[in-house]
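Single-structure report; data block below.
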Amino acid sequence: MSYDISNKITLVTGANRGIGKAIVESFIKHGASKVYAGVRSLDKGEALVAEFGEKVVPIEIDYDNPASIKAAAETADDVQVVVSNAGVLIGAASWTRMSSSNFKPSLTSTSTA
Ligand SMILES: NC(=O)c1ccc[n+]([C@@H]2O[C@H](COP(=O)([O-])OP(=O)(O)OC[C@H]3O[C@@H](n4cnc5c(N)ncnc54)[C@H](OP(=O)(O)O)[C@@H]3O)[C@@H](O)[C@H]2O)c1
């Protein structure tokens with residue numbers, strides 16, 4: 001399967017490093033007309049502009065800050081392709097710990113409500 005990204009206006013979250021940065025690089029290489037680079041603070045986007053040029057437009061997106069997501073949606077109202085890449089990998093042990101302490105009580109209270 002392939003998708004032509006040329007001349008598309010795109011947005012990538014978690015754009016400053018790892019897989020997100022690789023997606024930004026690939027989108028620019030394959031002719032995207034603009035790449036909104038979602039970063040948790042705008043200074044993290046400066047290096048992307050320096051490396052890939054002015055088609056990269058840093059935009060603040062922190063999934064822990066709903067106001068930043070709302071503001072980004074208003075700013076990037078011309079976007080055509082969104083890659084929701086940002087996130088963290090957690091190990092199975094952490095997941096089990098989180099499930100016990102955070103999710104199980106809320107699931108129980110939700111299902112009994
Ligand atoms: N690498 C793998 O093998 C693998 C496998 C399966 C799935 N994934 C998923 O693929 C995605 C990227 O992985 P990666 O290896 O490139 O990760 P990474 O190198 O750790 O980069 C994570 C990116 O997400 C951003 N981020 C983290 N929490 C955020 C939040 N709350 N709001 C906004 N941005 C946030 C980080 O920003 P900061 O620089 O500000 O921290 C960073 O730009 C993740 O969702 C990960 O779970 C990765």
When the charge dipole of region 1-90 is computed with +1 at the Cβ of Lys and Arg and -1 at the Cβ of Asp and Glu, the Cα pointing farthest to the positive end, of 87, 71, 22, is that of 22
Those GluC sites (Glu not before Pro) in region 43-72 that DSSP places in a loop and that have at most 12 other beta carbons within 10 Å
54
Just subtract the alpha-carbon distance of residue 57 and residue 30 from 0.36 nm times their residue separation and send over the number in nm, one decimal.
8.1 nm
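Evaluate the charge dipole of region 9-87 about its Cα centre and quote only its size in Debye, nearest 20, assuming +1 on the Cβ of each Lys and Arg and -1 on the Cβ of each Asp and Glu. Could the numbers behind the result be given before it?
Working: 8 positive and 11 negative charges, 53 e Å.
Its charge dipole is roughly 260 debye.
Over 20 Å between C-alpha atoms is what I'm after, so list which of 8/70; 8/29; 29/70; 21/70 land there. All intermediate terms of the calculation are to be shown ahead of the outcome.
Details: 8/70 22 Å; 8/29 12 Å; 29/70 29 Å; 21/70 22 Å.
Those over the limit are 8/70; 29/70; 21/70.
Values in this text are rule-based calculations from the coordinates and carry no lab data. What you see is a predicted model, and the numbers here were worked out from it, not measured in a lab. All Cβ positions, glycine included, derive from the backbone under ideal geometry; neighbour counts span all protein chains shown.
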